[in-house]
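**Q** Next up is a structure, given as structure tokens.
The values are calculated or read from the model by the stated rules, or taken from the named source; none is laboratory data. Computed from a predicted model, the values in this text were never measured in an experiment. So basically every Cβ, Gly included, is an ideal-geometry build from the backbone, and we count neighbours across all protein chains shown.
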Amino acid sequence: MLRTTSALLLLVSVTLQAAPLDPIPLWPQGAPGALGTADTDIPTLTAFLPSPEKATGAAIVVCPGGGYGGLADHEGAGYAEWLAEHGVAGIVLKYRLGSKGYRHPAMLNDAARAVRLTRTHAADWKIDVKRVGIMGSSAGGHLASTLMTHFDAGNPEAADPVERLSSRPDVGILCYAVITMGELTHQGSKKNLLGSDPDPALVELLSNEKQVSKDTPPTFLWHTYEDNGVKIENSMQFASALRKNGVPFDLHIFQKGGHGMGLGGGRNGGPIHPWAADCLYWLKAQNFVKELPSASK
């Protein structure tokens, strides 16, 4: 199949109909390090499953953005519905936030648990444990890239069977992501994640462009030149590190578009931004989707 510009731009007015399952807590007995029992102290997963005739067997954990101070629904449920429409289970993570008193590593613990827990639901959600990715926007992209560079293989001796599984995502999708905690960081995200006066060693550890290895998963990155919230150098530096370590990636820098745009106008009946078609093209190459949208539709 030839990839044409017209096919890429015909992702318009998509009907997003995937109904979410009930949220499930990451830790039924309470999250480690929880500061209380309010809703914001209980990280959860909400699965948006594709219809059986569309399902590819792949899943992607979705980390919404919000500066580690909130969770943007259009970068959570909005993406999950879009993924499900194309056959991929979208698994939205509600992670703990700096605005509610949490700091690293609570957020990373939530993301790691989310990938492990998704794998434990492979049978009932009809997904392949070897095709579980992670996706994040803005600060959610920082969280996704943190797990992509700080995962572990699981603890085979753990009493909790979930903790025996790997937290390594098989692919990563980073949307206008915060990557560094250094000079080019988004200061609000950094403060919410690390506090007002973080240890320099922790700043280094969570500057994820410095933590890429050959085991970092294949990655799709996109950003816009006009983004005034998170500098495009965040994506460019991560892509450069992937290149140096021999990790396959797609990097897309668009001229137009502001920070936090998500799918663009798609959920409101308007055109979905071309990044989404590019991402589907890439996901097909990763064996996460079966078919690309047809130019005849």
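**Q** Touching a Leu at 6+ places or on another chain (Cβ under 9 Å) and farther than 22 Å from P169 by Cα: does that describe L280?
**A** No: the conditions fail for L280.
**Q** Output the number of residues of region 179-190 satisfying the condition of being part of a loop (DSSP other than H, G, I, E, B), out of contact with any Ser or Thr (no Cβ under 9 Å at 6 or more places or on another chain) and without any contact (Cβ under 8 Å) to a residue 40 or more places away in the chain.
**A** Here the count works out to 1.
**Q** Taking region 209-240, which residues are of a type in the set (A, V, I, L, M) and either in contact with a Gly (Cβ under 9 Å, 6 or more places away or on another chain) or within 18 Å of W275 (Cβ to Cβ) (or both)?
**A** L221, V230, I232, M236, A239
**Q** Report yes if some residue within region 161-178 is part of a helix (DSSP H, G or I), aromatic (F, W, Y) and under 27 Å from G78 (Cα atoms); otherwise report no.
**A** No, the conditions are met nowhere in region 161-178.
**Q** Here is a check on your reading of the model: is A158 in a helix (DSSP H, G or I), of a type in the set (A, V, I, L, M) and either free of Cβ contacts under 8 Å to residues at least 24 places away in the same chain or within 24 Å of V61 (Cα to Cα) (or both)?
**A** Spelling it out, it is not the case that A158 is in a helix (DSSP H, G or I), of a type in the set (A, V, I, L, M) and either free of Cβ contacts under 8 Å to residues at least 24 places away in the same chain or within 24 Å of V61 (Cα to Cα) (or both).
**Q** Going through region 94-115 one residue at a time, which ones are buried (at least 23 other Cβ atoms within 10 Å of the Cβ) and free of Cβ contacts under 8 Å to residues at least 60 places away in the same chain?
**A** Selection gives Y95, A111, A112, V115.
**Q** In region 257-297, what residues are among the small types (G, A, S), at pLDDT 90 or above, crowded, with 17+ Cβ neighbours inside 10 Å and more than 12 Å from W222 (Cβ to Cβ)?
**A** Across region 257-297, the qualifying residue is only G260.
**Q** Being over 10 Å from the mean Cα position of the chain (by Cα), surrounded by fewer than 17 Cβ atoms within 10 Å (Cβ to Cβ) and among the charged types (D, E, K, R) narrows it down to one of D160, D170, so name that one.
**A** Just one listed residue meets the conditions, D160.
**Q** Looking at F254, F249, F238 in this structure, which one is modelled with pLDDT of 95 or more, farther than 23 Å from D215 by Cα and touching a helix residue (DSSP H, G or I) at 6+ places or on another chain (Cβ under 8 Å)?
**A** Every option except F254 fails the conditions.
**Q** Same structure again: What are the pairs with Cβ atoms under 7 angstrom where one residue, in region 20-49, is among the polar types (S, T, N, Q) and the other, located anywhere, is outside any loop (DSSP other than H, G, I, E, B) and crowded, with 19+ Cβ neighbours inside 10 Å? Sequence gap at least six, or different chains.
**A** Here the result reads T44/K94; T46/V92, each pair linking region 20-49 to a residue that is outside any loop (DSSP other than H, G, I, E, B) and crowded, with 19+ Cβ neighbours inside 10 Å.
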